[in-house]
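The values are calculated or read from the model by the stated rules, or taken from the named source; none is laboratory data. From a predicted model like this one, the values you see are computed outputs, not experimental measurements. Every residue, glycine as well, gets a Cβ built from its backbone with ideal geometry; the counts of neighbours run over all protein chains shown. Just the protein is used for accessible areas: all its heavy atoms, side chains included, with ligands, DNA and RNA removed. Shrake-Rupley method; radii C 1.70, N 1.55, O 1.52, S 1.80 Å.
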Amino acid sequence: MIHLKRISPPSELTQQEITRLTNKFISDNTKNVWSQTYIKEQLLKMSHNKCAYCECKIIEESKYLEVEHFFPKKHYPNLVVEWSNLLPSCKRCNGKKGEHDPNVAPIINPAIDFPNEHLIFFNYLIRGKDEKGKNTVAVLNLNDMTRMVSIRATIGTQTVETIEGLLERTENFSNGNDSSVINRSRIINGVYQVLLEAQEEAEYSSTVATILFTSEDFLDLVKTMKKNNLWTLEHENLFNKANENILTNVLQVI
């Protein structure tokens, strides 16, 4: 989970339209008045096509967007199409949250809160650092072994293996065993790709970012690249942005 920057509501969602749709829902709560194409498209744009809670892509086959009401429409019908109350969610997370009322037991709102202030990532599990974090993990079942933890473990393993390979290449470049143009390009491009996978628009970016910034091999890789003038401004920009998506305390690059 990462912080989402809430963008402006769709132009079609005027105050007049909000009033009309809200009244329609209040008069008949079986009407899915929030299921407007323009609402869904703007929510997907806001989240880079990801679930606001688990970060899975929700434009892939078998994964689709559900409009999530942070304050449940059953208890807060007047907020049924209020833009600030809507989040993009996958079917799993929307179902887990259900009718949970954040006013009764607070949970993280990714479009307001910064998840890394409330959550910590350890051994592919997510733990709450405070009441809001613990409630969020419990309500959304963020440590579902099949649907969540196994995915993080797979991504983590792939990321670690990629880092190890790139570190080996970089050390060979540094000690003169392989200073070829091909090896140089593979190091630069490989690290660039890994950093891209830790950006806010990437699926499961918080997992990748946390693995990177808690890996001594990755930080050794960065230092060796800098020593050999392989680290570029593009790397630095991506590195700094990825740092915003971590869910734990990080090691420091010296």
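When restricted to residues that are over 10 Å from L247 (Cβ atoms) and in a loop (DSSP other than H, G, I, E, B), the range 110-140 contains 8. Within the range 170-187, the residues that satisfy the criterion of being buried (at least 18 other Cβ atoms within 10 Å of the Cβ) and either over 30 Å from I120 (Cβ atoms) or without any contact (Cβ under 8 Å) to a residue 60 or more places away in the chain (or both) are F173, I187. Considered as a group, the residues in the range 200-226 that are in a helix (DSSP H, G or I) and among the aromatic types (F, W, Y) include one that is surrounded by the most Cβ atoms within 10 Å (Cβ to Cβ), and that residue is F218. Kindly indicate the residue of the range 60-85 that is among the acidic types (D, E) and under 17 Å from the mean Cα position of the chain (by Cα) and also most open to solvent (accessible area, probe 1.4 Å) among those meeting that condition. Out of the qualifying residues, it is E60.
For beta carbons closer than 7 Å, sequence separation of 6+ or different chains, a first residue in the range 86-99 that is within 12 Å of A52 (Cα to Cα) and a second that is of a type in the set (G, A, S), the qualifying pairs are L87/A52; L87/A111; P88/S47; P88/A52; S89/A52.
Only residues that are open to solvent by less than 100 Å² (accessible area, probe 1.4 Å) and either in a helix (DSSP H, G or I) or among the basic types (K, R) (or both): list them for the range 5-26, please. Selection gives R6, E17, I18, T19, L21, T22, N23, K24, F25, I26.
Total residues in the range 27-36 satisfying the condition of being under 30 Å from N141 (Cβ atoms) and loosely packed, with under 13 Cβ neighbours inside 10 Å: the figure is 3. In the set (1) open to solvent by 50 Å² or more (accessible area, probe 1.4 Å); (2) among the aliphatic types (A, V, I, L, M); (3) without any contact (Cβ under 8 Å) to a residue 60 or more places away in the chain, the condition left unmet by I120 is number (3).
Quick grid of which residues meet (1) part of a strand (DSSP E or B); (2) within 20 Å of V33 (Cβ to Cβ); (3) out of contact with any His (no Cβ under 8 Å at 6 or more places or on another chain); (4) of a type in the set (S, T, Y):
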residue: Y64; (1), (2), (3), (4): no, yes, yes, yes
residue: V81; (1), (2), (3), (4): no, yes, yes, no
residue: N94; (1), (2), (3), (4): no, yes, yes, no
residue: V104; (1), (2), (3), (4): no, no, yes, no
residue: I107; (1), (2), (3), (4): no, no, no, no
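So, K57, is that one charged (D, E, K, R), under 15 Å from E201 (Cα atoms) and open to solvent by 20 Å² or more (accessible area, probe 1.4 Å) or not? Spelling it out, K57 is indeed charged (D, E, K, R), under 15 Å from E201 (Cα atoms) and open to solvent by 20 Å² or more (accessible area, probe 1.4 Å). For the range 227-254, a residue qualifies if it is modelled with pLDDT under 95 and assigned to a loop (DSSP other than H, G, I, E, B), and the qualifying residues are I246, L247, T248, N249, V250, L251, Q252, V253, I254.
Residues in the range 147-169 that are touching a residue at least 40 places away in the same chain (Cβ under 8 Å) and open to solvent by 60 Å² or more (accessible area, probe 1.4 Å): 2 in all.
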